[in-house]
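The values are calculated or read from the model by the stated rules, or taken from the named source; none is laboratory data. This one's a predicted model, so the numbers in the text were calculated from it and none came from an experiment. All Cβ positions, even for glycine, are placed from backbone atoms using ideal geometry, and neighbour counts span all protein chains on display. Note: accessible area is taken over every heavy atom of the protein model, side chains too, but ligands, DNA and RNA are not part of it. Shrake-Rupley method; radii C 1.70, N 1.55, O 1.52, S 1.80 Å.
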Amino acid sequence: MTDFDESDFVEEALERFRERSVTEGPSEQLLSLTAERIGALSIQQSESVFHSRRNFMFRVKWFGVATVVGASILMAAAWIGRIDPSVSIAFADVQKQVQKFRSIQYKEAPVVFDAEGNPQNPRAAKAEDSSKGEKAKGTPLSRHLVMGRELERVETVDSDCQVSHIHISDFKNHKLVSLDVKAKTITITDISNNKISVGEGTFVFGKIEPASAELYKELNEIASSTTMTKLPARKIGDKQVVGFVFEKKFEQKVEQETFTETLKRIYWVDTSTKLPVRIDCSVTNNHPAAVAQKLVEWMKYDFVFDAELDPKLFSTETPEGYTVEKGGGLLLRPSAGDNGAGLSIEVK
Amino acid sequence: MTDWPQIIATYGGIAWKTARRLLNNDTDAADCFQETFVAAFELSRTQTIQNWPGLVTRLATRRALDRLRKRKSEGLVSVGLDEATAPAGRSMPPPSVAEENELFHHLREGLAELPADQAEACCLRFLESLSYEQIAIELDVTVNHVGVLLHRAKSSLKNRLAAFAPVSDESEVNQ
């Protein structure tokens, strides 16, 4: 009987195998290659670690650090003026900002906008008031002076750069006056409730317009819930502006067909002051005749906020040398919503 | 933060020796070496490594056995040059060296044929000299189960290496 143990033989073979010499290693090159590979993996996994649920805590910590770093970078960039402030402007900010001022001045002129939205009637911008003695021909325009919410003075400047008409609206006292500067006549209109008395006739409105100056009325009619397209920032003059597009559509029935009239206003707002710099306006109609007549376009520009205005400019009293005229000269535009449909005349 | 160059330099020797011995080929051993540390890196992302030498030994053994199996399944035979040399500190005549090379070749084949857990336990115990307890920890099994794995591994290897078993005195006398 042998005392040979099979298991001992296997163990012995394994022991001899263990004692077998092997090539010296690892080489320096292998060590360095492996370290490089692990280094590369570390970078890759740092990038993909956000996708690992297991590393949730790591992710939270990393996110916290990244937020702090990101905020610091943003603050630094904003501080050195590399961040576009328009990103944070909402139209509601503009509405609030305008309400802060007691007086506003601006000009309004018909223009034609090119494909890039630039006004292509240079005379509009050049046409200044006649008080400066400019005699150059210019596009007729109007100058608007607004005080408070209820007093508005509109001066119509003709192509000879002369003020031809002055319209003063006192919405608080329901009084509108129109002065024909050349003819030295004045028309006084009384507006109360939903009626406007002009001379011997009374116009009855289906709806009374809000009793405030036009600019405020336009701004206030844009509800906070209105979705306005925001246009990319650009320069107007030396000001960085961002655009807000407001559109309102009205249906018109002409014979048996319905057409759509679209009122569009683009508010170009100074990104630093959040105040309008220019308001581009247009009315288009898909009626063939309207298309043939091209677009009706105009712009409001040269805004001045909070300038000192003489209250006498808004007086509805008859100036010396003027004669009161009955009827005519009425500067009232039916609201876009009424579109004239609710206007009727009632003769007393 | 793990200092990987330091870890690789410190425990690289263990990984290399394990891989090189089992694979008997520098190229395969180098590949196995890298795979070992990549696997260690992956593990370190999800758990704290308490025993680096144990981990590196286990991973290197597992990767080397995987390569052995792959090589066997593909019918590849790899014999390194150093295989022809005698074990350290031993002087053997050429026929014994050749015989031993043949034994080791069959031993590798036998390990490649074993179930993975048995092969791993066998290598850790007899090639890496780990205790039953250490093997139990590394393989996440009980100590008793390590005993079972080793017993089965040795039984399988006995059959595989039967041709190399020493002849008993009794059988020599009978002859």
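Calculated FRET efficiency, B:Val38 to A:Arg234, Cβ-Cβ distance, R0 = 51 Å: about 0.45 to the nearest 0.05.
Note that the range B:3-14 has calculated 3J(HN,Hα) couplings of 8, 5, x, 5, 4, 5, 5, 6, 9, x, x, 4 Hz, one per residue in order, obtained from phi through the Karplus relation 6.51 cos²θ - 1.76 cosθ + 1.60 (θ = phi - 60°); glycine and proline are x.
Across peptide A:34-44, how many C-beta atoms of other chains are within 10 Å of each residue C-beta, on average? Before the final figure, lay out each step's value.
On the way: counts 15, 9, 2, 7, 11, 3, 0, 6, 5, 0, 0.
Neighbouring Cβ atoms belonging to other protein chains average 5 per residue here.
Amide H to amide H, with H built 1.01 Å from N, B:Leu130 comes under 5 Å of B:Arg125, counting only residues 5 or more places away or on other chains.
Coupling constants for the range A:297-303 follow from the phi torsions by the Karplus curve (6.51 cos²θ - 1.76 cosθ + 1.60, θ = phi - 60°), and in residue order they are 9, 7, 9, 10, 8, 6, 6 Hz; glycine and proline get x. Taking each of A:Lys184/A:Lys235; B:Lys72/B:Lys154; A:Lys182/A:Lys300; B:Lys17/B:Lys70; A:Lys175/A:Lys300 in turn, the alpha-carbon distance tops 31 angstrom for A:Lys184/A:Lys235.
Take each peptide in A:166-175, B:30-39, count the other Cβ atoms within 10 Å of every residue, and average; sorted highest first, the result is B:30-39, A:166-175.
A:Glu251: accessible area at probe 1.4 Å, nearest 10 Å²? Spelled out: A:Glu251, probe radius 1.4 Å, area about 150 Å². Sorting A:314-325, B:118-129 by their mean Cβ neighbour count within 10 Å, with the most densely packed peptide first, gives B:118-129, A:314-325. Inter-chain neighbour count for B:42-53: the average number of beta-carbon atoms from partner chains within 10 Å of each residue's beta-carbon is 1.
Remark on A:Leu275: its backbone amide H falls under 5 Å from those of A:Asp270, a criterion applied only to residues 5 or more positions apart or on other chains, H modelled at 1.01 Å from N.
Could you tell me the calculated FRET efficiency between A:Ala223 and A:Asn118, based on Cβ-Cβ distance and R0 = 35 angstrom, to the nearest 0.05? Provide the component values of the computation, followed by the final result.
Details: r = 30 Å, r/R0 = 0.85.
Once the sixth-power term is evaluated, E becomes 0.75.
Amide H to amide H distances under 5 Å link A:Ile236 with A:Val241, where only residues 5 or more positions off or on other chains count and H is placed in the peptide plane. Coupling constants for the range A:12-23 follow from the phi torsions by the Karplus curve (6.51 cos²θ - 1.76 cosθ + 1.60, θ = phi - 60°), and in residue order they are 5, 4, 5, 5, 5, 5, 5, 6, 4, 6, 10, 4 Hz; glycine and proline get x.
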